[in-house]
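Here's the structure, in C-alpha coordinates; my notes come after.
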Amino acid sequence: MEEFTKPGYEKIEKYNTETTESISKNVLGIIKELGENTTREGLIKTPERSARAMQFLTQGYKMDPVKILTGAMFKEDYSQMVIVKDIEVYSLCEHHMLPFFGKAHIAYIPNGYIVGLSKIPRIVDAFARRLQVQERLTNEIRDCIQATLNPLGVAVVMECSHLCMQMRGVQKQNSVTTTSAFTGEFMKDTTRKEFISLISSSLH
Ligand SMILES: [Zn+2]
(Lines give C-alpha, C1' and ligand atoms only; values in the text may rest on other atoms or scores of the structure.)
Protein backbone atom coordinates (compact mmCIF):
# COMPACT_ATOMS: atom_id res chain seq x y z
CA MET A 1 0.00 0.00 0.00
CA GLU A 2 1.19 3.49 -0.79
CA GLU A 3 -0.66 6.68 0.08
CA PHE A 4 -3.96 4.89 -0.40
CA THR A 5 -4.09 4.11 3.30
CA LYS A 6 -4.13 7.76 4.37
CA PRO A 7 -6.80 8.24 6.99
CA GLY A 8 -9.59 10.79 6.72
CA TYR A 9 -10.43 12.52 3.49
CA GLU A 10 -7.17 13.42 1.78
CA LYS A 11 -7.35 12.89 -1.95
CA ILE A 12 -5.54 9.94 -3.47
CA GLU A 13 -2.43 10.85 -5.35
CA LYS A 14 -0.88 7.45 -5.59
CA TYR A 15 -2.59 4.16 -6.08
CA ASN A 16 -2.04 0.75 -4.63
CA THR A 17 0.12 -1.01 -7.24
CA GLU A 18 -1.42 -4.45 -6.73
CA THR A 19 -4.97 -3.16 -6.98
CA THR A 20 -4.13 -1.13 -10.07
CA GLU A 21 -2.54 -4.16 -11.76
CA SER A 22 -5.43 -6.41 -10.89
CA ILE A 23 -8.09 -3.97 -12.12
CA SER A 24 -6.01 -3.32 -15.27
CA LYS A 25 -6.06 -7.02 -16.14
CA ASN A 26 -9.82 -7.08 -15.84
CA VAL A 27 -10.24 -3.95 -17.95
CA LEU A 28 -7.96 -5.48 -20.59
CA GLY A 29 -10.29 -8.50 -20.63
CA ILE A 30 -13.32 -6.25 -21.11
CA ILE A 31 -11.69 -4.39 -24.00
CA LYS A 32 -10.85 -7.73 -25.65
CA GLU A 33 -14.36 -9.07 -25.16
CA LEU A 34 -15.71 -5.94 -26.81
CA GLY A 35 -13.80 -6.97 -29.94
CA GLU A 36 -11.14 -4.28 -29.83
CA ASN A 37 -7.50 -4.61 -30.76
CA THR A 38 -5.84 -4.18 -27.37
CA THR A 39 -2.41 -3.60 -28.90
CA ARG A 40 -3.23 -0.54 -30.92
CA GLU A 41 -1.53 2.61 -29.78
CA GLY A 42 -4.49 4.44 -28.28
CA LEU A 43 -5.49 1.49 -26.14
CA ILE A 44 -2.14 0.24 -24.83
CA LYS A 45 -2.25 2.28 -21.63
CA THR A 46 -6.03 2.31 -21.34
CA PRO A 47 -6.39 -0.56 -18.86
CA GLU A 48 -4.05 1.12 -16.41
CA ARG A 49 -5.56 4.58 -16.91
CA SER A 50 -9.02 3.12 -16.46
CA ALA A 51 -7.92 1.27 -13.31
CA ARG A 52 -6.62 4.51 -11.81
CA ALA A 53 -9.75 6.39 -12.85
CA MET A 54 -12.01 3.78 -11.24
CA GLN A 55 -10.05 4.00 -8.00
CA PHE A 56 -10.27 7.78 -8.08
CA LEU A 57 -14.01 7.68 -8.70
CA THR A 58 -14.54 5.31 -5.78
CA GLN A 59 -12.09 6.88 -3.33
CA GLY A 60 -14.99 7.62 -0.99
CA TYR A 61 -14.57 4.11 0.45
CA LYS A 62 -11.28 5.33 1.93
CA MET A 63 -12.82 8.45 3.44
CA ASP A 64 -14.45 8.74 6.83
CA PRO A 65 -17.32 11.25 6.66
CA VAL A 66 -17.77 11.32 10.44
CA LYS A 67 -14.10 12.17 10.90
CA ILE A 68 -14.40 14.91 8.27
CA LEU A 69 -17.19 16.56 10.25
CA THR A 70 -15.84 16.04 13.75
CA GLY A 71 -12.49 17.44 12.61
CA ALA A 72 -14.08 20.86 12.15
CA MET A 73 -16.91 21.14 14.69
CA PHE A 74 -17.11 24.34 16.70
CA LYS A 75 -19.28 25.31 19.67
CA GLU A 76 -21.44 28.24 18.57
CA ASP A 77 -24.73 29.83 19.61
CA TYR A 78 -25.93 30.48 16.06
CA SER A 79 -29.27 28.77 15.64
CA GLN A 80 -30.55 29.89 12.25
CA MET A 81 -30.61 27.77 9.15
CA VAL A 82 -27.21 27.21 7.54
CA ILE A 83 -27.46 26.42 3.82
CA VAL A 84 -24.80 25.24 1.40
CA LYS A 85 -26.19 25.34 -2.14
CA ASP A 86 -25.05 24.05 -5.51
CA ILE A 87 -22.59 21.45 -4.27
CA GLU A 88 -21.30 19.49 -7.26
CA VAL A 89 -22.02 15.78 -7.06
CA TYR A 90 -20.23 13.13 -9.13
CA SER A 91 -21.09 9.52 -8.47
CA LEU A 92 -21.39 6.12 -10.14
CA CYS A 93 -24.70 4.27 -10.27
CA GLU A 94 -24.27 0.87 -8.73
CA HIS A 95 -26.50 -0.82 -11.28
CA HIS A 96 -24.51 0.11 -14.40
CA MET A 97 -21.33 1.68 -13.03
CA LEU A 98 -22.10 4.72 -15.17
CA PRO A 99 -21.87 8.28 -13.86
CA PHE A 100 -24.65 10.28 -12.36
CA PHE A 101 -23.97 13.87 -11.50
CA GLY A 102 -25.65 17.10 -10.51
CA LYS A 103 -26.12 19.36 -7.51
CA ALA A 104 -26.82 18.94 -3.83
CA HIS A 105 -28.36 21.58 -1.58
CA ILE A 106 -27.89 21.00 2.11
CA ALA A 107 -29.12 22.81 5.21
CA TYR A 108 -28.99 22.28 8.94
CA ILE A 109 -30.14 24.18 12.00
CA PRO A 110 -27.36 24.19 14.61
CA ASN A 111 -27.95 22.96 18.11
CA GLY A 112 -24.86 24.24 19.88
CA TYR A 113 -22.39 23.21 17.18
CA ILE A 114 -21.57 24.40 13.69
CA VAL A 115 -19.23 22.76 11.21
CA GLY A 116 -16.64 24.30 8.88
CA LEU A 117 -18.58 25.02 5.69
CA SER A 118 -16.07 23.35 3.39
CA LYS A 119 -16.71 20.07 5.21
CA ILE A 120 -20.24 19.76 3.84
CA PRO A 121 -19.08 19.36 0.21
CA ARG A 122 -16.37 17.00 1.47
CA ILE A 123 -18.83 14.62 3.04
CA VAL A 124 -20.92 14.75 -0.14
CA ASP A 125 -17.78 13.60 -1.96
CA ALA A 126 -17.03 10.93 0.61
CA PHE A 127 -20.43 9.31 0.07
CA ALA A 128 -20.71 10.07 -3.67
CA ARG A 129 -17.35 8.61 -4.67
CA ARG A 130 -18.64 5.08 -4.28
CA LEU A 131 -21.03 2.82 -6.14
CA GLN A 132 -24.31 4.44 -5.23
CA VAL A 133 -27.96 5.06 -5.89
CA GLN A 134 -29.10 8.65 -5.59
CA GLU A 135 -31.75 7.81 -3.00
CA ARG A 136 -29.29 6.18 -0.58
CA LEU A 137 -26.69 8.88 -1.19
CA THR A 138 -29.24 11.52 -0.16
CA ASN A 139 -30.16 9.63 3.02
CA GLU A 140 -26.57 8.85 3.97
CA ILE A 141 -25.59 12.52 3.84
CA ARG A 142 -28.61 13.48 5.94
CA ASP A 143 -28.00 10.73 8.51
CA CYS A 144 -24.29 11.51 8.83
CA ILE A 145 -24.92 15.21 9.55
CA GLN A 146 -27.74 14.37 11.95
CA ALA A 147 -25.75 11.77 13.88
CA THR A 148 -22.55 13.78 14.07
CA LEU A 149 -23.66 17.39 14.65
CA ASN A 150 -26.94 16.54 16.35
CA PRO A 151 -28.58 19.65 14.84
CA LEU A 152 -32.26 20.63 15.23
CA GLY A 153 -32.80 19.46 11.66
CA VAL A 154 -31.11 18.51 8.39
CA ALA A 155 -32.35 18.96 4.83
CA VAL A 156 -30.78 17.46 1.72
CA VAL A 157 -32.10 18.01 -1.82
CA MET A 158 -30.27 16.46 -4.72
CA GLU A 159 -30.83 16.78 -8.46
CA CYS A 160 -28.87 14.52 -10.77
CA SER A 161 -28.69 13.40 -14.38
CA HIS A 162 -28.01 9.70 -14.84
CA LEU A 163 -25.98 8.61 -17.85
CA CYS A 164 -27.44 5.10 -17.57
CA MET A 165 -30.79 6.71 -18.45
CA GLN A 166 -29.51 9.30 -20.89
CA MET A 167 -27.09 7.19 -22.96
CA ARG A 168 -28.91 3.90 -23.01
CA GLY A 169 -32.34 2.37 -22.47
CA VAL A 170 -35.08 4.95 -22.42
CA GLN A 171 -32.79 7.80 -23.57
CA LYS A 172 -34.69 10.50 -21.75
CA GLN A 173 -31.97 13.00 -22.55
CA ASN A 174 -33.00 15.85 -20.31
CA SER A 175 -34.57 14.16 -17.35
CA VAL A 176 -33.27 15.09 -13.92
CA THR A 177 -33.94 12.97 -10.85
CA THR A 178 -34.70 14.86 -7.64
CA THR A 179 -34.42 13.27 -4.22
CA SER A 180 -34.81 14.80 -0.78
CA ALA A 181 -34.38 13.82 2.84
CA PHE A 182 -35.27 15.73 6.00
CA THR A 183 -35.04 15.42 9.76
CA GLY A 184 -36.25 17.37 12.79
CA GLU A 185 -37.38 20.94 12.15
CA PHE A 186 -37.44 20.33 8.42
CA MET A 187 -40.30 17.89 8.88
CA LYS A 188 -42.38 21.00 9.63
CA ASP A 189 -44.04 22.60 6.63
CA THR A 190 -42.94 26.16 7.37
CA THR A 191 -39.26 25.34 7.86
CA ARG A 192 -39.16 23.11 4.82
CA LYS A 193 -40.86 25.78 2.70
CA GLU A 194 -38.33 28.37 3.86
CA PHE A 195 -35.50 26.05 2.85
CA ILE A 196 -37.06 25.26 -0.54
CA SER A 197 -37.62 28.94 -1.26
CA LEU A 198 -34.02 29.76 -0.30
CA ILE A 199 -32.65 27.14 -2.70
CA SER A 200 -35.30 27.51 -5.39
CA SER A 201 -33.24 29.85 -7.52
CA SER A 202 -30.88 26.88 -7.90
CA LEU A 203 -33.54 24.25 -8.52
CA HIS A 204 -34.57 23.24 -12.03
ZN1 LIG B 1 -27.83 3.00 -13.57
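Residues considered: Thr190, Thr178. Of these, the only one that is surrounded by fewer than 18 Cβ atoms within 10 Å (Cβ to Cβ), away from the ligand (no atom under 16 Å from the Cβ) and part of a strand (DSSP E or B) is Thr178.
Is there a residue being more than 16 Å from the ligand (Cβ to nearest atom) and surrounded by 17 or more Cβ atoms within 10 Å (Cβ to Cβ) anywhere in the range 133-141? Yes: the range 133-141 contains one or more residues that are more than 16 Å from the ligand (Cβ to nearest atom) and surrounded by 17 or more Cβ atoms within 10 Å (Cβ to Cβ).
Would it be correct to say that Thr19 is open to solvent by less than 80 Å² (accessible area, probe 1.4 Å) and assigned to a helix (DSSP H, G or I)? The answer is yes for Thr19.
Please go through the range 41-55 and give me each residue that is among the charged types (D, E, K, R) and in a loop (DSSP other than H, G, I, E, B), ordered by number. Across the range 41-55, the qualifying residue is only Lys45.
Looking across the range 93-120 at every residue that is buried (at least 17 other Cβ atoms within 10 Å of the Cβ) and of a type in the set (D, E, K, R), the one that is farthest from the ligand (Cβ to nearest atom) is identified as Lys119.
Condition check for Val157 on (1) within 17 Å of Thr58 (Cβ to Cβ); (2) surrounded by 20 or more Cβ atoms within 10 Å (Cβ to Cβ); (3) touching a His at 6+ places or on another chain (Cβ under 6 Å): one failure, at (1). Restricting Leu163, Leu149 to residues that are in contact (Cβ under 8 Å) with a residue 24 or more places away in the chain and open to solvent by 30 Å² or more (accessible area, probe 1.4 Å) narrows the list to Leu163. Within the range 66-87, the set of residues being over 15 Å from Thr148 (Cβ atoms) and open to solvent by less than 20 Å² (accessible area, probe 1.4 Å) comprises just one member, Ile87.
Among the residues of the range 25-45, are any under 22 Å from the mean Cα position of the chain (by Cα) and of a type in the set (A, V, I, L, M, F, W, C)? No: the range 25-45 contains no residue that is under 22 Å from the mean Cα position of the chain (by Cα) and of a type in the set (A, V, I, L, M, F, W, C).
With respect to (1) more than 16 Å from the ligand (Cβ to nearest atom); (2) in a strand (DSSP E or B); (3) open to solvent by 10 Å² or more (accessible area, probe 1.4 Å); (4) aromatic (Phe, Trp, Tyr), the lone exception for Tyr90 is condition (1).
The values are calculated or read from the model by the stated rules, or taken from the named source; none is laboratory data. Quantities reported herein were computed from a predicted structural model and do not represent experimental measurements. Counting neighbours? That spans all protein chains shown, and the Cβs are built from the backbone with ideal geometry, glycine included. All accessible areas refer to the heavy atoms of the entire protein, side chains included, with ligands and DNA or RNA removed. Shrake-Rupley method; radii C 1.70, N 1.55, O 1.52, S 1.80 Å.
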